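Structure record follows, encoded as structure tokens.
The values are calculated or read from the model by the stated rules, or taken from the named source; none is laboratory data. Given the structure is predicted, the values throughout are model-derived calculations rather than measurements. A quick note on method: Cβ atoms are made from the backbone with ideal geometry, for glycine too, and the neighbour counts reach across all protein chains shown.
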Amino acid sequence: MLKIRDLYVSYGNAEVLHGISFDVPEGSLVTLIGANGAGKTTTLLAISGLLKPKAGTIEFDSVAINGKRPDEIISMGIAQCPEGRRVFPAMSVSENLEIGGYTNPKKMRERMNYCYTMFPRLKERHKQAAGTLSGGEQQMLAIARALMASPKLLMFDEPSMGLAPNLVERVGEIITEINQQGTTVLLVEQNAFMALNMATTGSVLETGQIKLSGMAAELLENDHIQKAYLGL
């Protein structure tokens, strides 16, 4: 579904991604793990069209999306749940969801009902300002807002960040459920143990380069990953 080949991305003169390549097959749950500053968020921003690659190709459903606008990419079926949730705090829960569904207004009510079924707490608080929700509730809202676009591929950027351990587990269950319902998932995480236990395959991004790739279960047993990311 998604093919990244020899992708280079820079911020000004500072090159952040140095020719990375990886695939996200249709129906899979693929994770990209790495420390802060490794280039994980930069990768997602390039896929979303928010950063223009210096070189390389990004293909989605066999169509090159390099240079396409973010709204065009969303309409093609790629949505992102951003790091730090980034809900619109002064707007209500339902208004945040409406923004997520703007690319397909005909399905707005259907998608909103789907999100409220998946997240009953959001339905209870649909009139409440998003900024007054708890951190866990805001994360649920950020996921639901991304789901409003009916994505074929949903990208998550550090969804466990800043959450209590019990909420981290719940977020993991939700992401797995979304994948099992047919949505392809690309998960970016610092929590390597969580991510690799959820994923089918994974890659390790270090200083802008892919250092390791393989089946998630095998990566969990890798000595380097155990020492660098799992504290074993």
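Tabulated data
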quantity: The stretch 54-65, subset surrounded by fewer than 19 Cβ atoms within 10 Å (Cβ to Cβ) and out of contact with any Ser or Thr (no Cβ under 9 Å at 6 or more places or on another chain), residue farthest from residue 153 (Cα to Cα); calculated: 55
quantity: Test for residue 183: is it polar (S, T, N, Q), touching a residue at least 40 places away in the same chain (Cβ under 8 Å) and closer than 23 Å to residue 42 by Cα; calculated: no
quantity: Within the stretch 117-131, tally of residues that are touching a residue at least 12 places away in the same chain (Cβ under 8 Å) and part of a helix (DSSP H, G or I); calculated: 5
quantity: Considering residues of the stretch 1-15 that are in contact (Cβ under 8 Å) with a residue 60 or more places away in the chain and surrounded by fewer than 22 Cβ atoms within 10 Å (Cβ to Cβ) only, the residue farthest from residue 180 (Cα to Cα); calculated: 15
quantity: Residue match in the stretch 80-100 (condition: touching a Phe, Trp or Tyr at 6+ places or on another chain (Cβ under 6 Å) and either modelled with pLDDT of 95 or more or not in a helix (DSSP H, G or I) (or both)); calculated: yes
quantity: Residue among 27, 37 that is at pLDDT 95 or above, surrounded by fewer than 22 Cβ atoms within 10 Å (Cβ to Cβ), small (Gly, Ala, Ser) and within 21 Å of residue 194 (Cα to Cα); calculated: 27
quantity: Residues (within 12 Å of the chain's Cα centre (by Cα) and assigned to a helix (DSSP H, G or I)) located in the stretch 155-170; calculated: none
